[in-house]
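Here is the structure we will look at.
The values are calculated or read from the model by the stated rules, or taken from the named source; none is laboratory data. Keep in mind that what you see is a predicted model, and the values were worked out from it rather than measured. Cβ atoms come from the backbone with ideal geometry, glycine included; neighbour counts cover every protein chain shown. These accessible areas exclude ligands, DNA and RNA; they are computed on the full protein's heavy atoms, side chains included. Shrake-Rupley method; radii C 1.70, N 1.55, O 1.52, S 1.80 Å.
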Amino acid sequence: MAGSENRVGQIQAAMEASGADAVVLRLAENIVLATRWYVQIPGLALVVIGREGGATLLVPEYEAGEAAAVWPGDIRTFPAIRNDGPSPGQEIQRHLRDLAAEHDAVGGVVGFEGSFESVAPGSIHGEPNAVGLPTQALLKATFQTERLQDFSEQLESMRAIKSDAEIESIRRTNEIAVFGLDAFKEHAVRGKTEVEVMAAVEYAISTRGHGYKAARWVRGFCTVFSGPELAEGWKYWRARTRRIEPGDAVMLELGTVADGYWSDHTRTVVAGTASARMREAYAAVRAAERAAFAAARPGATGGQVDSASRAACAAAGFIQFPHHTGHGTGFRYHESRPQLVPGGTDVLSAGNVIITEPGVYQADLNGGVRHEDNAVVTAEGAQILATTDYSFDLA
């Protein structure tokens, strides 16, 4: 993992192999990958990398001071959200023309993020940006070329293996998520609405997460769902005004981001005292998670990890869960690799950050149970990044 610290060097090696003369990054998650800077307004920052030398980070003038504390390399600025000077568009074009010339990439092959469809937002989460035809037109005009190269596969491949420093940043996000997980157990009690519990979780993450180990931008995104409909396994994407009733299963789905690094968690509790059958289901799900993480070693396939998890659940006497076992995470809430699915062929490597989320959904359980943790793949199996109180019932 130590060799992956130099992300710019990795990108340049991939450029040489693919024949690209420059790569331009505009998505928040890939700017984090290259520079560790988490952009404020999505789309209003870019990274330009040539075949040699360092990367250049383009940011609005008001971000320059904070960005310099994170990224020690070249930073160039442009005005934004003001009308008393050159427009941001004009200045961005000027910088790109200059960098195209500096990197001897005018008329050359320019790599871009052409196939990212699921994207992580910047710190203004309500408006994530995409890389569409206007960005492609911008690159063609400023680099004076028609030769754009989709560089998505190279980026997805390299970012699946996290560096030591990135793992520590993701660990910090997991530790911040624990604030929300603890709040969930405190508030998921009878009489509370699902929305009230959701708000308490997100409040805890925001108020306790900002400043934790110097985190500058933190946010939690969660849904809470409760009651018998959890037996269907899928109705948990929207918190409702439904009040939690005694004996309900209550499930939390939580995505947390701190300075551009993400975690993904699920917890289930019972509002009261769990039945013996519910306890058995919870034990089966926890066993399935342990089996998956034990199997998640370098060289194992996603299909093998998935099989190990399902076998543990079945051995405990429960029907196999209908969804995947897990996926990658870290630069995005849900990353494209490795996929831990039936028959999955993704091969795990040391430094993969994965989640597993086995579940049991049955009507006789008054709902369902799912559990999800984040772990880093090592030679000894996947090691969980942050632990919590794993108690199940809230009597």
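Key figures
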| item | result |
| --- | --- |
| Single match in Val224, Val201 (criterion: open to solvent by less than 50 Å² (accessible area, probe 1.4 Å), assigned to a strand (DSSP E or B) and modelled with pLDDT of 95 or more) | Val224 |
| Unmet requirement for Glu229, which otherwise passes all of (1) closer than 26 Å to Gly126 by Cα; (2) out of contact with any helix residue (DSSP H, G or I) (no Cβ under 9 Å at 6 or more places or on another chain); (3) of a type in the set (Asp, Glu) | (1) |
| Filter result (of a type outside the set (A, V, I, L, M, F, W, C) and open to solvent by less than 60 Å² (accessible area, probe 1.4 Å)) within the range 237-254 | Arg240, Arg242, Gly247, Asp248, Glu253 |
| Considering residues of the range 81-103 that are of a type in the set (A, V, I, L, M) and modelled with pLDDT of 95 or more only, the residue surrounded by the fewest Cβ atoms within 10 Å (Cβ to Cβ) | Ala101 |
| Residue ID - farthest from the chain's Cα centre (by Cα), chosen from residues in the range 345-381 that are of a type outside the set (A, V, I, L, M), open to solvent by less than 10 Å² (accessible area, probe 1.4 Å) and farther than 17 Å from Thr266 by Cβ | Gly381 |
| Residue ID - farthest from Trp217 (Cα to Cα), chosen from residues in the range 54-93 that are free of Cβ contacts under 8 Å to residues at least 12 places away in the same chain and not in a loop (DSSP other than H, G, I, E, B) | Gln90 |
| Residues being of a type in the set (A, V, I, L, M) and crowded, with 18+ Cβ neighbours inside 10 Å - total across the range 120-166 | 8 |
| Yes/no for Phe112 being among the aromatic types (Phe, Trp, Tyr), touching a residue at least 60 places away in the same chain (Cβ under 8 Å) and surrounded by 19 or more Cβ atoms within 10 Å (Cβ to Cβ) | yes |
| Qualifying residue in the range 19-27 (condition: surrounded by 15 or more Cβ atoms within 10 Å (Cβ to Cβ), of a type in the set (Lys, Arg), touching a residue at least 40 places away in the same chain (Cβ under 8 Å) and not in a helix (DSSP H, G or I)) | yes |
| Top-ranked residue in the range 296-322 [being touching a residue at least 60 places away in the same chain (Cβ under 8 Å) and open to solvent by less than 30 Å² (accessible area, probe 1.4 Å); ranked as farthest from Tyr361 (Cα to Cα)] | Ala296 |
| Residues of the range 173-216 that turn out to be under 18 Å from Asp264 (Cβ atoms) and aromatic (Phe, Trp, Tyr), as a count | 2 |
| Among (1) part of a helix (DSSP H, G or I); (2) farther than 23 Å from Glu66 by Cβ - the single one Leu96 does not satisfy | (2) |
| Odd one out for Leu44, checked against (1) in a loop (DSSP other than H, G, I, E, B); (2) surrounded by fewer than 17 Cβ atoms within 10 Å (Cβ to Cβ) | (2) |
| Test result for Arg216, at pLDDT 95 or above, under 27 Å from Asp364 (Cβ atoms) and either part of a loop (DSSP other than H, G, I, E, B) or of a type in the set (Asp, Glu) (or both) | no |
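So that you can scan it fast, the table gives a plain yes or no per residue for (1) farther than 14 Å from Ala296 by Cα; (2) of a type in the set (Asp, Glu):
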{"residue": "Leu340", "(1), (2)": "no, no"}
{"residue": "Val353", "(1), (2)": "no, no"}
{"residue": "Val360", "(1), (2)": "yes, no"}
{"residue": "Ala363", "(1), (2)": "yes, no"}
{"residue": "Val369", "(1), (2)": "yes, no"}
{"residue": "Glu380", "(1), (2)": "no, yes"}
{"residue": "Ala386", "(1), (2)": "yes, no"}
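Matching residues to (1) modelled with pLDDT of 95 or more; (2) more than 22 Å from the chain's Cα centre (by Cα); (3) over 30 Å from Ile205 (Cα atoms); (4) not basic (Lys, Arg):
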| residue | (1), (2), (3), (4) |
| --- | --- |
| Ala231 | no, yes, no, yes |
| Gly247 | no, yes, no, yes |
| Leu252 | yes, no, no, yes |
| Ala284 | yes, yes, no, yes |
| Gly299 | yes, yes, yes, yes |
| Ile319 | no, yes, yes, yes |
